[in-house]
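Have a look at the structure below before the remarks.
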Amino acid sequence: MGQKLEYLKETPSQTAGPYVHIGLAPGAAGFEIYEQELGWDMAGPNAKGEPIRVEGVVLDSTGAPVKDVLLEAWQANAEGVYAHPEHIGEVEDGFRGWGRVITDFETGEWGFDTVKPGPVTGRNGQMMAPHINLWIVARGINVGLNTRLYFEDEAEANAADPVINLIEWESRRQTLIARRCERGGQPVYRFDIRLQGDGETVFFDI
Amino acid sequence: MTTPPKPGEFYQRDRRWHPPALSQDYKTSVTRSPRLPLISLENTASEITGPVFGHKDIDPADNDLLRNFAKPGESPIGERIIVHGRVLDENARPVPNTLVEIWQANASGRYRHKKDTYLGALDPNFGGCGRTLTDAEGNYCFRTVKPGAYPWRNWVNDWRPAHIHVSVFGTGFAQRLITQLYFEGDPLIARCPIVNTIPDPAAVEMLIARMDMNATIPLDTIAYRFNIVLRGRRSTLFENRLEGN
């Protein structure tokens, strides 16, 4: 058999279950325990760029809203820089670009406030259109699902985006485009996620 | 000045090692599992980077579930345990300074959650969540009570083995992982439809914490050891750039 490769195997995933809030958003589970919960302030007080709100619902194959989802968002700042030591560039003081939201227990609606990210340099220097990376866990989801939210009003950048263009079925690309509307003068992007069936959202193996 | 080694992409996730999205015996997965194939993406900055946490984000006492919700001078009921281990990557390198969060039922199998209506009693001194950052060698440690088994609606007589939910970040968003820790010797493990979403018994073994008498505190708290492995990263062996290892 030859020499042994001494790599470890990744710990296998298990569902987050229906009570994920206890660990990751205890206030929503119904009790106060931590001085501060993490992930509620994505952009911080000094973020440049356009303040936006992102909203949606996660639907199962029957069209019913999934009411025990937790989503995490990861995005660059308005200049296209991630708040991470390996990404070249500076972010505003207090900008983290990471958020954590849960769905409303009655309606399944979720939403977060942030700033619109800028385009990010991708592989081989190709520019990626502005996007927010999403990770979705819930009861019944065995391995967290990764997707990307792109913006309706970035049609030109979206058309050239190397990740969107990986999706062979052009009709499916639309599942990654958030629709823009305005509410009280603030831009709101609507991004509904369909786990299965008609209009199934594109999920990535990253 | 020397350039530090430049790690590249994360190794591809072994999807046959993880549970498939659809597992018939875990009924909730049936309507919540994508049917179309995932689109495989070579990592970009969006996947290689991820949130960074520091000691300002959490309190050092957040990892002590015996204390973090208890009234002064009181303790939760149940077997006092330590859960400790290391967070490593697939290259067996420690993952330092990464956020580990846990949540669990109390000793009677009841969760402190407004949606849990199980008959098991709530414990006024037990919240059921904790969090910590790994140290420079990737070590982490929690003190808690051993959770109880509890029934759940799947088939009519399904019981979850005692378990602790574990969430880990790593350094990149592609490493994000949620899993569950089980306890050595529990006969419910083999019967559990959620455990059995994992096809390979060797993968299930990675989720079973072992009793660790050497880390046990005599006359006080019994220890279990649970190592966590996150995806590893390529070294950029053959790239046009010459830096790297």
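The values are calculated or read from the model by the stated rules, or taken from the named source; none is laboratory data. Keep in mind it's a predicted model, so treat the numbers as computed, not measured. Every residue, glycine among them, receives a Cβ derived from its backbone with ideal geometry; neighbour counts consider all protein chains shown.
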So A:GLY199 clears everything in (1) within 14 Å of chain B (Cβ to nearest Cβ); (2) of a type in the set (Gly, Ala, Ser); (3) closer than 29 Å to A:GLY49 by Cα except one condition, right? Which one?
(3)
Looking only at the stretch A:55-83, count every residue that is in contact with a Ser or Thr (Cβ under 7 Å, 6 or more places away or on another chain) and farther than 20 Å from A:THR147 by Cα and tell me the total.
1
If you take the residues of the stretch B:198-237 that are within 11 Å of another protein chain (Cβ to nearest Cβ) and more than 27 Å from B:ASN157 (Cα to Cα), which of them is surrounded by the fewest Cβ atoms within 10 Å (Cβ to Cβ)?
B:ASN227
Of the residues B:ASP62, B:ASP14, which single one is in contact with a Phe, Trp or Tyr (Cβ under 8 Å, 6 or more places away or on another chain), within 7 Å of chain A (Cβ to nearest Cβ), within 24 Å of B:TYR182 (Cβ to Cβ) and surrounded by 14 or more Cβ atoms within 10 Å (Cβ to Cβ)?
B:ASP62
Residue check, A:ASN146 against (1) within 7 Å of chain B (Cβ to nearest Cβ); (2) under 28 Å from B:VAL195 (Cβ atoms), all met but one. Which one?
(1)
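Quickly run through the stretch A:52-92 and pick out the residues that are assigned to a strand (DSSP E or B) and buried (at least 19 other Cβ atoms within 10 Å of the Cβ). Can you show your working first?
Quick first cut of the stretch A:52-92, residues assigned to a strand (DSSP E or B) only: A:52-59, A:65, A:70-75.
Hits for the stretch A:52-92 are A:ILE52, A:VAL54, A:GLY56, A:VAL57, A:VAL58, A:LEU59, A:LEU70, A:LEU71, A:GLU72, A:ALA73, A:TRP74, A:GLN75.
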Residue among B:ALA215, B:ALA209 that alone is assigned to a loop (DSSP other than H, G, I, E, B) and among the aliphatic types (A, V, I, L, M):
B:ALA215
Given (1) at pLDDT 95 or above; (2) aromatic (Phe, Trp, Tyr); (3) assigned to a loop (DSSP other than H, G, I, E, B), identify the lone condition not met by B:PHE238.
(1)
Filter pass, B:VAL195 being more than 27 Å from B:SER46 (Cα to Cα), buried (at least 20 other Cβ atoms within 10 Å of the Cβ), among the β-branched types (Val, Ile, Thr) and in contact (Cβ under 8 Å) with a residue 24 or more places away in the chain
yes
Which one of these does B:ARG35 not meet: (1) away from every other protein chain (no Cβ under 11 Å); (2) over 27 Å from B:LEU181 (Cβ atoms); (3) at pLDDT 95 or above?
(1)
Inside the stretch B:65-159, counting only strands (runs of 3 or more DSSP E) that do not spill past its ends, which hold 2 or more residues that are surrounded by 15 or more Cβ atoms within 10 Å (Cβ to Cβ) and touching a His at 6+ places or on another chain (Cβ under 8 Å)?
B:99-104, B:139-145
Number of the exception - A:GLN174 against (1) out of contact with any strand residue (DSSP E or B) (no Cβ under 8 Å at 6 or more places or on another chain); (2) closer than 30 Å to B:VAL195 by Cα; (3) more than 10 Å from chain B (Cβ to nearest Cβ)
(2)
Which of the residues belonging to the stretch B:93-119 are closer than 26 Å to B:HIS55 by Cβ, within 11 Å of chain A (Cβ to nearest Cβ) and of a type in the set (A, V, I, L, M, F, W, C)?
B:LEU99, B:VAL100, B:ILE102, B:TRP103
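For residues that are part of a strand (DSSP E or B) and in contact with a helix residue (DSSP H, G or I) (Cβ under 8 Å, 6 or more places away or on another chain), scanning just the stretch B:160-177, find the one that is farthest from B:ASP25 (Cα to Cα). Walk me through it before giving the result.
Taking the stretch B:160-177 first, the residues part of a strand (DSSP E or B) are B:160, B:163-168, B:177.
Of the ones still in play, those that are also in contact with a helix residue (DSSP H, G or I) (Cβ under 8 Å, 6 or more places away or on another chain) are B:165, B:167-168.
Numbers: B:HIS165: 20, B:SER167: 24, B:VAL168: 27 Å.
The qualifying residue farthest from B:ASP25 (Cα to Cα) is B:VAL168.
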Flag for A:PRO12 being of a type outside the set (A, V, I, L, M), without any contact (Cβ under 8 Å) to a residue 60 or more places away in the chain and in contact with a Ser or Thr (Cβ under 8 Å, 6 or more places away or on another chain):
yes
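Quick one: which residue in A:PHE95, A:PHE105 is within 9 Å of chain B (Cβ to nearest Cβ) and farther than 12 Å from A:PRO162 by Cα?
Numbers: A:PHE95 fails: within 9 Å of chain B (Cβ to nearest Cβ).
Criteria check complete, one pass: A:PHE105.
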Please go through the stretch A:123-140 and pick out each residue that is within 16 Å of the chain's Cα centre (by Cα) and within 20 Å of A:TRP110 (Cα to Cα).
A:HIS131, A:ILE132, A:ASN133, A:LEU134, A:TRP135, A:ILE136, A:VAL137, A:ALA138
The listed residue being of a type in the set (D, E, K, R) and at the interface with chain B (Cβ under 7 Å from one of its Cβ atoms), out of A:GLU50, A:GLU86, A:GLU79
A:GLU86
